[in-house]
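To start, the structure itself, in C-alpha cells.
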Amino acid sequence: MRIVFCSLLLLFFYGSRAQSAAATDSVKATIDQLFVAIRNADSTLLNQCFAPGAQLQTVTKNQDAQVIVREEPISEFSASVAKLAKDAGDERIVYDMIKIDQDLAVVWTPYQFYYKGAFNHCGVNSFQLVRINNEWKIQYIIDTRRKEDCIEAPKQ
C-alpha cells in the first residue's frame with residue numbers, strides 16, 4: 001500500500017510540474033512572439049500578442065526630474081514598429097520571474113534594447129497576461145528605461 005501511495009504522490013508532483021512548465025512555456029511564447037514581431041517590423045503579428053484594451057506604460061522622469069508614467073496606445077506602438085526596418089529594433093530579454101494563477105500571468109524581464117545594432121537603453125518590463133480562449137494575450141506592459149546599470153541580456 002505504501003508503494004502505491006508513494007507512486008501516486010510522485011505522479012501528482014511530476015504532473016503538476018509538467019503542467020506548470022507547459023503553462024510557463026506558453027506564456028513565454030506570447031512574449032517571444034512580441035519581440036519577433038518587433039525584430040521583423042511586423043505590426044500584424046505584434047497586434048496578435050495583445051488583448052483587447054491592452055495598455056502600454058513607461059515609468060520615466062519629466063524635465064523637473066519628477067517621476068511620471070507615460071502611456072502609449074497600442075495602435076501608436078504598432079504603427080511605430082511597422083515603420084522600422086527589419087532587424088532595426090532588437091530587445092534582448094531575460095526571464096527573471098514568471099507567476100501564473102489560473103488565467104493570469106505576471107512576468108518580469110530585464111532587457112537591453114538595441115537600435116540598428118547599437119545599444120540604445122535598458123530597463124525592466126513588467127507584463128500582465130490573461131488567457132483568453134486558451135491563448136495568452138498581453139493585457140498590460142509597464143517598463144523602465146535607462147542607459148546605465150544594465151543587466152547583460154543574450155542576443156536572441
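Every condition in (1) buried (at least 18 other Cβ atoms within 10 Å of the Cβ); (2) closer than 17 Å to C122 by Cα is met by V81 except one, and the failing one is (2). Taking the listed residues D103, D149, D64, the one that is of a type in the set (D, E) and within 29 Å of A22 (Cα to Cα) is D103, with no other qualifying.
I'm trying to understand the selection: among the residues of region 66-82, which are over 27 Å from D149 (Cβ atoms), in contact with a helix residue (DSSP H, G or I) (Cβ under 9 Å, 6 or more places away or on another chain) and not polar (S, T, N, Q)? Once the filter is applied, which keeps residues that are over 27 Å from D149 (Cβ atoms), in contact with a helix residue (DSSP H, G or I) (Cβ under 9 Å, 6 or more places away or on another chain) and not polar (S, T, N, Q), region 66-82 yields I74, A79, A82.
Name every residue in region 93-150 that is among the small types (G, A, S) and touching a residue at least 60 places away in the same chain (Cβ under 8 Å), in order of residue number. Of everything in region 93-150, just one residue is among the small types (G, A, S) and touching a residue at least 60 places away in the same chain (Cβ under 8 Å), namely A105. Selection over region 32-65 of residues that are out of contact with any helix residue (DSSP H, G or I) (no Cβ under 6 Å at 6 or more places or on another chain) and in a helix (DSSP H, G or I) gives a count of 8.
Of the residues in region 84-107, not one is out of contact with any Leu (no Cβ under 9 Å at 6 or more places or on another chain), surrounded by 11 or more Cβ atoms within 10 Å (Cβ to Cβ) and among the polar types (S, T, N, Q).
FYI, it's all coordinate maths here, none of it is from the lab. Owing to the predicted nature of the structure, the values given are computational and were not obtained by experimental measurement. Every residue, glycine as well, gets a Cβ built from its backbone with ideal geometry; the counts of neighbours run over all protein chains shown.
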